[in-house]
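What follows is a short report on a single structure.
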Amino acid sequence: MTNAALEVKPPGAAAFRIPLEPLPFRIGRAPENHLVLRDNRASRSHAIIRQEGGEFLIEDAGSRNGIEVNGVKEQFRILRPGDVIRFGVDESYELTFVLEPAVSAKTQAHHGGLRKLRSMLEVARSLQGALSIDQVLASVVDAALDITNCDRGFLLLNGEEGLEMRIAREAGGRALSENLEIPARVLNQALRSRTDLLSMSFDPGAPALDSSVQHLSLRSVVCVPLIKVRAGDISETALVGSIADTIGLLYLDSRQVHAELTSTSRDLVQSLAIEASFVLENARLLEEERKKQKMEQELRIAQAIQQDLLPEAEQYPQSGWLLAAGLSIPSRLVGGDYLDILPAGDGRYDIVMADVSGKGVSSALLAGLLQGAFVMSTAEQLPPSVVLERLNRFLLGRTNGLKYATIFLASIFRDAPMQWANAGHCAPLLVRTSGEVFELSPTGMPVGMLDVAHWRDAALEMKSGDLLVMYTDGVSEAMNEDREMYGVDRLVALLRANFHLPVTELTATVRADITVFTGGAIQRDDLTLLILRFLPD
């Protein structure tokens, strides 16, 4: 009497053997198959193996790419020992049909079949209920010792200085305290073999691979490399087979008897090594997720702080001779844009808008520093150009020219012309009641680039009803899915068409128009907008 089985060689992973039971035996990508093919190119139900009249037959189950037996495409074929089955695509699964003598119950008992099954169940139980990764890994090593009948077992992982011991156990499920003293050449050979189990037996007195083998009086050594897994969708999980992706190994040895390595034992040990690789990869992904969540939490705190530094709706002038409304929307959790409007007496407001180069946390921190520097400088009621020179020295002293910022500064007076300076910022728009539009172009370069930079102050007489619109390039360069920019011309046309609206409604109208234009496309720049109406009468 014989038992039928398949020798399965997955792409980039260790081979294993699976018995053909139950029959009919179904093969395919769907998880309900008896042999699941983790390859997108395989069909969900690819092939079926049946037994008829003592013969084993394979047939195509209506697959997309068909099946090949010994290189010949077949719809239906009687299998002979040694037949090689493939699935119609290159570098995919390869199955070899084998027939082996049935093992009697007595022989099975001799080889400890029940003991091996119990060991695998212990690993499964540990995977479900263990409180720590080390508990699971210890159960893997214990199971490997049980299956091979070895004396000692070690799980080693790659570290900065080579292999480092993570788990050390001895037969019987006890932690091991003795020194490792594992032969280095054995370990290196195991790592070079990558996905293949390495086993060696030594007779007393015979030449050994390494002097430490003789020193330890070893009779057998078993090494199984742990291969880095690439985890995605459950059905797509694969093993990475290059030596650079070997993350460690499972090492077992015996001083008393030769290791018990039947074909079943080899398959089980290799399965344990793969399970350990998955456990370690899941632990790594979990740690990365925890770090990511912690970073996101810290970024959200930073976002809340940054938003708190911006003027709230009620802090904008809502009545009197100057009305204002603004918004600032970062493209990420935190951004590098900054705006502010500060009263400086009964008849004066100081205004700033800045855009720090770059994205993310570094730009946000720098924007916060600029705010503090601006508040301190404007408290002295200095001309805009002098404030920009101070901010330039401030930035150069802290970033050495690696970061810069575009800034528009203005002092708006009720009874005098507006004083302003523009350090390379998007030109603000002055919209007259007549529809005439003026651009307040740069009067110098961005701050933080050169210590010899200078800026020129300019003056502009504002008339009753005039709008002053300041913005960053997140407005003018807002992009739709066709990579078309919103543009200044569209902004000017919208301002003219809605000139009569209150500044709060006008700000919301501009924001809504940008949203419609971009159509949900992801934006790469922070969007900041400030609209003021001058009403001195």
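The values are calculated or read from the model by the stated rules, or taken from the named source; none is laboratory data. A quick note: this is a predicted structure, and the numbers were derived from the prediction, not measured. Note that each Cβ is placed from the backbone with ideal geometry, even for glycine, and that neighbours are counted across all protein chains shown. Protein only, heavy atoms only, side chains kept; ligands, DNA and RNA dropped before computing areas. Shrake-Rupley method; radii C 1.70, N 1.55, O 1.52, S 1.80 Å.
Between a residue in the range 37-48 that is under 10 Å from ASP60 (Cβ atoms) and any residue that is aromatic (Phe, Trp, Tyr), which pairs come within a Cβ distance under 8 Å, given they are 6 or more apart or on different chains?
HIS46/PHE87; ALA47/PHE87; ILE48/PHE25
Within the range 470-495, can you find the residues that are among the hydrophobic types (A, V, I, L, M, F, W, C), open to solvent by 20 Å² or more (accessible area, probe 1.4 Å) and under 34 Å from the mean Cα position of the chain (by Cα)?
MET479, MET485
If only one of LEU501, LEU430, LEU535, LEU440 is open to solvent by 40 Å² or more (accessible area, probe 1.4 Å) and either farther than 19 Å from GLY336 by Cβ or touching a Pro at 6+ places or on another chain (Cβ under 8 Å) (or both), which one is it? Don't jump to the end; show me each part of the working.
Numbers: LEU501 fails: open to solvent by 40 Å² or more (accessible area, probe 1.4 Å); LEU430 fails: open to solvent by 40 Å² or more (accessible area, probe 1.4 Å); LEU440 fails: open to solvent by 40 Å² or more (accessible area, probe 1.4 Å).
Of the residues listed, the single one that is open to solvent by 40 Å² or more (accessible area, probe 1.4 Å) and either farther than 19 Å from GLY336 by Cβ or touching a Pro at 6+ places or on another chain (Cβ under 8 Å) (or both) is LEU535.
Just a yes or no: is a residue in the range 321-338 polar (S, T, N, Q) and either modelled with pLDDT of 80 or more or outside any loop (DSSP other than H, G, I, E, B) (or both)?
Our first condition is that a residue be polar (S, T, N, Q); within the range 321-338, this holds for 328, 331.
Pick out the ones that are also either modelled with pLDDT of 80 or more or outside any loop (DSSP other than H, G, I, E, B) (or both) and you get 328.
Looking for residues that are polar (S, T, N, Q) and either modelled with pLDDT of 80 or more or outside any loop (DSSP other than H, G, I, E, B) (or both), one finds at least one in the range 321-338, hence yes.
Can you tell me which residue among ILE18, ILE27, ILE49 is among the aliphatic types (A, V, I, L, M) and either touching a His at 6+ places or on another chain (Cβ under 7 Å) or over 27 Å from GLN270 (Cα atoms) (or both)?
On the way: ILE18 fails: either touching a His at 6+ places or on another chain (Cβ under 7 Å) or over 27 Å from GLN270 (Cα atoms) (or both); ILE49 fails: either touching a His at 6+ places or on another chain (Cβ under 7 Å) or over 27 Å from GLN270 (Cα atoms) (or both).
ILE27 is the lone residue from the list that is among the aliphatic types (A, V, I, L, M) and either touching a His at 6+ places or on another chain (Cβ under 7 Å) or over 27 Å from GLN270 (Cα atoms) (or both).
When residues of the range 17-35 are filtered for being buried (at least 17 other Cβ atoms within 10 Å of the Cβ) and part of a loop (DSSP other than H, G, I, E, B), how many remain?
Taking the range 17-35 and keeping what is buried (at least 17 other Cβ atoms within 10 Å of the Cβ), we get 20, 25-29, 33-35.
After this cut, where a residue has to be part of a loop (DSSP other than H, G, I, E, B) as well, the list is 20, 29, 33-34.
Count: 4.
On the basis of being touching a helix residue (DSSP H, G or I) at 6+ places or on another chain (Cβ under 8 Å), outside any loop (DSSP other than H, G, I, E, B), surrounded by 14 or more Cβ atoms within 10 Å (Cβ to Cβ) and not hydroxyl-bearing (Ser, Thr, Tyr), does ARG38 make the cut? Walk me through how you get there before you give the answer.
Numbers: touching a helix residue (DSSP H, G or I) at 6+ places or on another chain (Cβ under 8 Å): yes; outside any loop (DSSP other than H, G, I, E, B): no; surrounded by 14 or more Cβ atoms within 10 Å (Cβ to Cβ): yes; not hydroxyl-bearing (Ser, Thr, Tyr): yes.
The answer is no for ARG38.
Can you name the residue in the range 41-64 that is touching a Leu at 6+ places or on another chain (Cβ under 7 Å) and over 11 Å from ARG77 (Cα atoms) and, of all such residues, is surrounded by the most Cβ atoms within 10 Å (Cβ to Cβ)? Before you say what the answer is, go through the steps one by one.
First pass over the range 41-64, keeping only residues touching a Leu at 6+ places or on another chain (Cβ under 7 Å): 46, 49-51, 56-58.
Still in the list and also over 11 Å from ARG77 (Cα atoms): 46, 51.
Numbers: HIS46: 27, GLN51: 14.
Taking the candidates together, the pick is HIS46.
Any residue in the range 280-292 that is at negative phi and small (Gly, Ala, Ser) sitting within a Cβ distance under 7 Å of a residue that is in a helix (DSSP H, G or I) and open to solvent by less than 90 Å² (accessible area, probe 1.4 Å)? List the pairs, counting only those 6 or more apart or interchain.
Correct list of pairs: ALA283/ILE133.
Is at least one residue of the range 27-39 touching a strand residue (DSSP E or B) at 6+ places or on another chain (Cβ under 6 Å) and more than 18 Å from GLY88 (Cα to Cα)?
yes
Do we find that PRO31 is modelled with pLDDT of 85 or more, under 23 Å from GLU275 (Cα atoms) and not hydroxyl-bearing (Ser, Thr, Tyr) in this structure? Before the answer, list the steps.
Numbers: modelled with pLDDT of 85 or more: no; under 23 Å from GLU275 (Cα atoms): yes; not hydroxyl-bearing (Ser, Thr, Tyr): yes.
No, not satisfied.
So in the range 392-417, with the set limited to residues that are surrounded by 23 or more Cβ atoms within 10 Å (Cβ to Cβ) and hydrophobic (A, V, I, L, M, F, W, C), which one is farthest from TRP455 (Cα to Cα)?
The qualifying residue farthest from TRP455 (Cα to Cα) is ILE412.
For the range 9-16, indicate whether the set of residues that are touching a Leu at 6+ places or on another chain (Cβ under 8 Å), not aliphatic (A, V, I, L, M) and not in a loop (DSSP other than H, G, I, E, B) is non-empty. Lay out the reasoning, then the answer.
Initial filter on the range 9-16 (touching a Leu at 6+ places or on another chain (Cβ under 8 Å)): 9-10, 12-14.
Keeping just the survivors that are not aliphatic (A, V, I, L, M) gives 9-10, 12.
Keeping just the survivors that are not in a loop (DSSP other than H, G, I, E, B) gives 9.
Within the range 9-16, one or more residues are touching a Leu at 6+ places or on another chain (Cβ under 8 Å), not aliphatic (A, V, I, L, M) and not in a loop (DSSP other than H, G, I, E, B).
Kindly indicate the residue of the range 291-306 that is modelled with pLDDT under 65 and surrounded by fewer than 13 Cβ atoms within 10 Å (Cβ to Cβ) and also nearest to LEU366 (Cα to Cα) among those meeting that condition.
To start, the set of residues in the range 291-306 that are modelled with pLDDT under 65 comprises 298-299, 301-306.
Remaining after also requiring surrounded by fewer than 13 Cβ atoms within 10 Å (Cβ to Cβ): 298, 301, 304-305.
On the way: GLU298: 17, ILE301: 16, ALA304: 16, ILE305: 14 Å.
Out of the qualifying residues, it is ILE305.
I'd like to check something: does the range 79-87 contain any residue that is in contact (Cβ under 8 Å) with a residue 24 or more places away in the chain, open to solvent by 50 Å² or more (accessible area, probe 1.4 Å) and in a strand (DSSP E or B)?
No, the range 79-87 contains no residue that is in contact (Cβ under 8 Å) with a residue 24 or more places away in the chain, open to solvent by 50 Å² or more (accessible area, probe 1.4 Å) and in a strand (DSSP E or B).
Tell me, please, whether a residue that is more than 23 Å from LEU272 (Cβ to Cβ) and either buried (at least 17 other Cβ atoms within 10 Å of the Cβ) or not basic (Lys, Arg) (or both) can be found in the range 4-16.
Within the range 4-16, one or more residues are more than 23 Å from LEU272 (Cβ to Cβ) and either buried (at least 17 other Cβ atoms within 10 Å of the Cβ) or not basic (Lys, Arg) (or both).
Mind telling me which of the residues ASP525, ASP513, ASP451 ends up being touching a residue at least 12 places away in the same chain (Cβ under 8 Å), surrounded by fewer than 16 Cβ atoms within 10 Å (Cβ to Cβ), in contact with a helix residue (DSSP H, G or I) (Cβ under 8 Å, 6 or more places away or on another chain) and not polar (S, T, N, Q)? Write out each step before concluding.
Values: ASP525 fails: surrounded by fewer than 16 Cβ atoms within 10 Å (Cβ to Cβ); ASP513 fails: surrounded by fewer than 16 Cβ atoms within 10 Å (Cβ to Cβ).
None of the others qualify; the one that does is ASP451.
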